[in-house]
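Engineer: The structure that follows is given in the form of structure tokens.
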Amino acid sequence: MKLDSSVSAVITGGASGLGAATARRLAASGVKVALFDLNEEQGEALAKELGGVFCKVDVTSEADVDAGFAKARAANGQERILVNCAGTGLAVKTASRDKQTGEPKHFPVDKFDRIIQINLVGSFRCAAKSAMGMLSLEPLEDGERGVIIHTASVAAEDGQIGQTSYSASKAGLVGMTLPMARDLMNDGIRVNTILPGIFSTPLMNGAPENVKQALAASVPFPKRLGKPEEYAELAETMVTNGYFNGESVRLDGAIRMAPR
């Protein structure tokens with residue numbers, strides 16, 4: 001797909017981190033961008049910077065997602081690109097003992113479900129609604145109508161202690177990539193997933209410096225945290241390379257996560 005002002009994109013989690021870097025990269029090629037996020041201040045500021053539109057969206061809310069797409073499409077037209085970056089995590093063991101009382105306890109199921117709803121179901125919700133809209137578009141070269149990119153994590157394949165909900169949600173994204181690409185193949189919509197390793201995002205930047213240095217040292221090469229711009233570069237390649245379809249790709253400096 002050629003990137004220019006005739007193309008529009010929706011980026012969930014687009015106000016910061018990987019989503020913001022992707023929005024900037026696409027906008028630099030002329031693409032009209034819409035940012036779905038809960039952070040109004042950051043989202044509005046970035047949308048203004050990029051000449052795009054901000055939509056306050058909770059991806060677990062059907063009404064929010066519908067309203068977000070309606071606002072984005074009213075401003076930019078039907079999107080040909082969806083990049084799902086909205087997500088969160090929670091570190092809790094499946095079962096453990098209370099540190100103070102020694103009593104056994106388990107991961108609260110409602111909290112487990114919350115991570116699944118945001119990371120997995122939220123991504124599917126946005127993808128399904130975006131794909132439905134893409135069906136209305138005139139096909140481009142090779143009959144292409146659009147591209148969907150999910151953001152999983154290396155935790156989908158080697159999750160650490162306490163990451164059962166996070167790993168399950170991200171493995172679900174990997175698991176639905178190929179069947180979603182097959183679902184949409186006859187309508188010219190490609191689907192791919194990126195599995196980032198340890199990246200320098202706002203959440204990571206809040207960690208103590210010694211923790212960040214230790215994490216950087218654990219990466220085989222290069223021995224540093226990933227840059228959001230590197231994620232954005234791969235996302236762009238997945239959009240512009242028309243033969244890139246049904247793939248889940250690690251972007252991690254060859255790291256394989258230890259149990260803890």
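Since every read-out is calculated from the coordinates, none of them should be taken as a lab result. Keep in mind the model is a prediction, meaning the values are calculated, not measured. Virtual Cβ from ideal backbone geometry, glycine too; neighbours counted across all protein chains shown.
Engineer: Distance check, please: which entries in Lys2/Lys129; Lys111/Lys227; Lys71/Lys170; Lys2/Lys223; Lys56/Lys170 exceed 26 angstrom between their Cα atoms? It would help to have the intermediate numbers written out before the result.
Structural biologist: Details: Lys2/Lys129 23 Å; Lys111/Lys227 30 Å; Lys71/Lys170 28 Å; Lys2/Lys223 34 Å; Lys56/Lys170 23 Å.
Long pairs (Cα-Cα over 26 Å): Lys111/Lys227; Lys71/Lys170; Lys2/Lys223.
Engineer: Between the helical axis of 228-240 and the dominant principal axis of the chain, each derived from Cα atoms, what acute angle in degrees is found, rounded to the nearest 10?
Structural biologist: So the inclination is approximately 40 degrees.
Engineer: If you don't mind, another one. Could you work out the local net charge near Leu251, counting Lys and Arg as +1, Asp and Glu as -1, over the other residues with Cβ closer than 15 Å to its Cβ? Write down the numbers at each step before the final one.
Structural biologist: On the way: positive: Arg25, Lys170, Arg224, Lys227, Arg250, Arg256; negative: Glu157, Asp158, Glu229, Glu230, Glu233, Glu236, Glu247, Asp252.
Computed value for this residue: -2.
Engineer: If you rank Lys93, Lys170 by fewest surrounding Cβ atoms within 10 Å, what's the result? Don't skip to the answer; put the middle values down first.
Structural biologist: On the way: Lys93 13, Lys170 29.
With the fewest neighbours first, Lys93, Lys170 line up as Lys93, Lys170.
Engineer: Among the DSSP beta bridges whose two residues both lie in the stretch 8-251, what percent are antiparallel, rounded to the nearest 5?
Structural biologist: Values: 3 of 31 bridges.
Close to 10 percent.
Engineer: Springs between alpha-carbon pairs under 10 angstrom, Gaussian network model over the chain: which of Leu18, Leu46, Leu120 fluctuates most?
Structural biologist: Leu46
Engineer: Under a GNM of the chain (C-alpha, springs under 10 Å), which listed residue has the highest mean-square fluctuation: Tyr166, Tyr243, Tyr231?
Structural biologist: Evaluated over the chain, the most mobile residue of the options is Tyr243.
Engineer: Return, ordered by residue number, the residues of the stretch 151-191 whose backbone nitrogen is under 16 Å from a label point located 7 Å along Cα→Cβ of Val249.
Structural biologist: 151-154, 174, 177-178, 190-191
Engineer: Skipping prolines and chain starts, which residues have an amide H placed within reach, meaning under 5 Å, of the one on Leu251, given they are 5 or more residues away or on another chain?
Structural biologist: Leu195, Gly197
Engineer: Could I ask something else about it? Considering the alpha-carbon set of the stretch 200-260 alone, what are its Rg and its Dmax in angstrom?
Structural biologist: 13.9, 42
Engineer: Under a GNM of the chain (C-alpha, springs under 10 Å), which listed residue has the highest mean-square fluctuation: Asn210, Asn192, Asn84?
Structural biologist: Of the options given, Asn210 has the highest mean-square fluctuation.
Engineer: Tell me the angle of helix 17-28 to the major Cα principal axis of the chain, expressed in degrees between 0 and 90 and rounded to the nearest ten.
Structural biologist: 20 degrees
Engineer: Using the beta-carbon distance between Arg182 and Met204 and R0 = 41 Å, what value does 1/(1 + (r/R0)^6) give for FRET efficiency, to the nearest 0.05?
Structural biologist: Numbers: r = 34 Å, r/R0 = 0.84.
Once the sixth-power term is evaluated, E becomes 0.75.
Engineer: For the stretch 134-241, count all C-alpha to C-alpha pairs, find those more than 20 Å apart, and express that count as a whole percent of the total. Numbers along the way, then the final one.
Structural biologist: Working: 3014 of 5778 pairs.
Value for the stretch 134-241: 52 percent of Cα pairs lie more than 20 Å apart.
Engineer: Round to the nearest 10 and give me the degree value, 0 to 90, for the angle of helix 122-134's Cα axis relative to the longest principal axis of the chain.
Structural biologist: 10 degrees
Engineer: Can you give the translational diffusion coefficient of the chain in µm²/s, computed by Stokes-Einstein from the Kirkwood radius over Cα pairs at 10 °C and 1.306 mPa s?
Structural biologist: Details: Rh = 18.8 Å.
For the chosen part, D equals 85 µm²/s.
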